[in-house]
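Every number here is computed from the coordinates shown, using simple stated rules; none is lab data. Predicted, not measured: the structure shown is a model, and the values here were computed from it. Cβ sites come from the backbone with ideal geometry, for glycine too, and all protein chains shown count toward neighbours.
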Amino acid sequence: MIELKEFSYGFPNKDLYDKVSFTLELGQSCAFIGSSGCGKSTLAEILMDPERYMFEGKLLIEEGTSIAYVSQFYDVDKSKTISVFEYIAEGFVAVENELAEVCAKMGTVDEVDETLMDAYQEVMNRFDAMECGDYISNIEKKLALADMVNKRDLDLSKLSGGEFKLIQVIKQMLYKPDLLIMDEPDSFLDFDNLNSLKHLINSYKGTTLTITHSRYLLNHCFNKIIHLENKDIQEFDGRYIEYNFELLEKKIELQELSFKDDEEIARNEALIKRLRDKASNYDSAANGKSLKARVKIQERLQARRIKSPFVSIRKPEVNFVAADVLEEGTALEVNGFNLSFAEDILEDVSFTIGSKDKVGIIGANGAGKTSLIRAIYANQDEAITIPDTTNLLYLSQNKEDTFAGEQDIYDAFLDLDFATYTEVSEYLSKFGFPEEKMTQKIGSLSGGEKNILGLAKLSTLQSNLLILDEPTSHLDTYAQIALEEAIANYEGAVLMISHDFYSIVNCLDYVLIIEDKQIRKMKMKKFKRMIYGKHFEKEYLEKEKMKKEAEVKVETALLAKDFEKAKVLAEDLATIIEGM
């Protein structure tokens, strides 16, 4: 249906793809993965409208292929009065009206000409393709699958951002395009809505290309993986869990080859040094020839060094520094906090965060999580007490709160007391930003890049309480893991809103759950049972734990350069994966 051959494209200061190729066949459910800023969204936009772009190579899209798109950015139009059902049905009603108009014209003429007949046939084709005759029941089935039947007659403006994103997915799926492209449809979804998205993706019979960093979706959806990294593309027919294992096997192989090459290069370098010393001390044609021969051998060794764009991806070096570390005590106290807009959102909320506590705030979209932490950061409510010993930093989910979009990266970090361009460049290289990107406007960055830049800014500052609002949103898997490690190693307190199950269980101590306008504390063990009971198959937790432990053992063997042991451990890991 879609094929890229030797495809290349880039911007004036950055190449995105260098002679990449892949195919997307009818009925495939494909995850499109890669580091933040590598060009996934740009490629999706090219597929949507290739005529707008000047690229090299071939992009072959089968004639007549219809493509629909779910953007990673959607805002509810609060001024529009329309129900959820009416909004989803708009396209079907439009086709029905078109058909009625054509039929009305056909009824007013004595003889139907070819033009009118063609118009009728074209509308009928769309009517049949979209199953317009059954659209009411089809909408209701999709709403039921997404557990949103109770939203059917709700005014669209009353939906949360996550709920509205799900409605976009449902709407585009019901139009039955040949290819549905979804760009991070999981962003900001709560656990229940993420589970609904999983059901929608897995039940959809059409072809999908989904840009996602969600480990939950990657582990439970998709039968094809397209991985974009360092201007190259690798495709894999199969599950993400199997693809990850293949990468690990390749990593063992490449590191072993690289280790042997390094040893050979080091030996050859020592020979070259001795030959150079001889050539400088003794003017001999033989010494000169030997030196040239060794240099050529070294060049060949360097040239054949293994390139591994898919297995040697660096994590950003996120590191939160705690200032005035408090051994014991309270970092934050909330006592009897109330929040209301048109109606009550939170009532008599109370909790205390200890000076070393790592705490997650979870709850349904629209439950008031962001409003609560913004009130804490503002510290203007008498129900909120922040001790004088607490030094607080806040990372908003709205990246415009962190940096002005018209600033370039260099200027934004000079404001943070970096003295020179070189200092900024060297620091941000640790977060995956190359030197040529320093003059790029922050507003033009991808969602993931903006988030990593926010974490880079936070890593330059000192505090003993971090308040983080959806810090994993738009982050690639490597950056998510780096963030989890930084939180776990931080010596202060953390209060973090997140819908990412893995991030919560990997670095936090307990969660605060918002339900029915109240907040309650839940230990991590109970939280795991609750989430796995609702969202995962039986025994999945234990298998996932075993898989992670086996992966750590393999990585440990690789660090020790014990490649034979790593291979044996990889076989054990393969057995675990076969049972998942």
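Quick notes on this one:
- Rg(Cα)/(2.2 N^0.38 Å) for the stretch 455-529, N = residue count: 1.13
- Here R152 and N506 are evaluated by their C-beta separation; at R0 = 41 Å the FRET efficiency comes out at 0.65.
- Average silhouette area of the chain, convex hull of alpha-carbon atoms, in square nanometres: 35.2
- From the C-alpha gyration tensor of the stretch 177-253, square roots of 5λ in Å: 23, 15, 12
- The reciprocal of the average 1/r between distinct C-alpha atoms defines the Kirkwood hydrodynamic radius, which for the stretch 112-216 equals 15.3 Å.
- In the chain, a dipole from Cβ-located charges (positive for Lys and Arg, negative for Asp and Glu) runs towards its positive end, and of Y427, Y377, I265 it is I265 whose Cα lies farthest in that direction.
- Computed FRET value (nearest 0.05) for E423 with N398, which takes r as the C-beta separation and R₀ as 22 Å: 0.20
- Using a simple spin-label model with pseudo-atoms 7 Å out from Cα toward Cβ, E515 and L416 lie 3.9 nm apart.
- Sorting 194-207, 124-137 by average packing, meaning the other beta carbons within 10 Å per residue, from highest down gives 194-207, 124-137.
- Per-pair calculated FRET efficiency, R0 = 25 Å: N223 and E485 via Cβ, rounded to 0.05: 0.20
- Inter-centroid distance (Cα atoms) of the stretch 488-510 relative to the stretch 20-83, Å: 33
- Seen from K273, the other residues with C-beta closer than 13 Å to its C-beta sum to a net charge of +3, counting Lys and Arg as +1 and Asp and Glu as -1.
- Each residue, N338 and D324, gets one label point 7 Å from its Cα in the Cβ direction; the gap between the two is 3.2 nm.
- The stretch 5-96: GluC sites (Glu not before Pro) in DSSP loop, at most 11 other beta carbons within 10 Å: E62, E63
- Per residue, the Cα convex hull of the stretch 24-68 amounts to 110 Å³.
- In this structure, the pairs whose alpha-carbon distance is over 20 Å, taken from K369/K450; K19/K40; K141/K176; K5/K198; K165/K548; K358/K525, are K369/K450; K5/K198; K165/K548.
- Estimated from helices alone, the mean residue ellipticity of the chain at 222 nm is -14500 deg cm²/dmol (sum of -39500 (n - 2.57) over DSSP H runs with n ≥ 4, per residue).
- Projected label distance in nm at L59 and E140, using a 7 Å step from Cα toward the beta-carbon: 4.1
- Placing +1 on the Cβ of every Lys and Arg and -1 on the Cβ of every Asp and Glu, with no other charges, gives the stretch 125-188 a dipole of roughly 140 debye about its Cα centre.
- Contour minus Cα-Cα distance for E269 and D381 (0.36 nm per residue): 33.6 nm
- Anisotropy class of the stretch 86-171 from Cα gyration tensor, a/c 1.5 cut: prolate
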